[in-house]
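A.B. asks: This structure is in structure tokens; I'll ask about it shortly.
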């Protein structure tokens with residue numbers, strides 16, 4: 001009998017686990033994966049925040065410039 005990722009023996013090839021056993025396995029696997037999560041330190045979190053804000057401001061500036069240029073082109077072509 002082989003061992004599963006949770007350390008319990010897996011069922012034989014012909015057997016099928018019950019619904020409650022599969023649900024329990026699902027939650028055990030969720031907990032095992034959440035234990036692997038590494039949370040950023042305060043400095044890392046601040047750095048990530050600043051990088052995201054700079055990126056958002058840059059994209060806003062690009063989109064605003066394009067909007068202005070296309071607006072001026074529409075006014076030039078169609079007039080007011």
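A.B. asks: Of the listed peptides 21-31, 60-70, what is their order by residue-averaged count of other C-beta atoms within 10 Å, with the highest listed first?
C.D. replies: So the peptides 21-31, 60-70, ranked by packing, come out 21-31, 60-70.
A.B. asks: Further question: Multiply the residue gap between residue 25 and residue 54 by 0.36 nm, knock off their C-alpha separation, and tell me the result in nm, one decimal place.
C.D. replies: Full extension of this stretch gives 6.2 nm more.
Any read-out appearing in this document is the output of simple, stated calculations on the displayed coordinates, not a laboratory observation. Quantities reported herein were computed from a predicted structural model and do not represent experimental measurements. With ideal geometry, Cβ positions are generated from the backbone for all residues, glycine too; neighbour counts draw on all protein chains shown.
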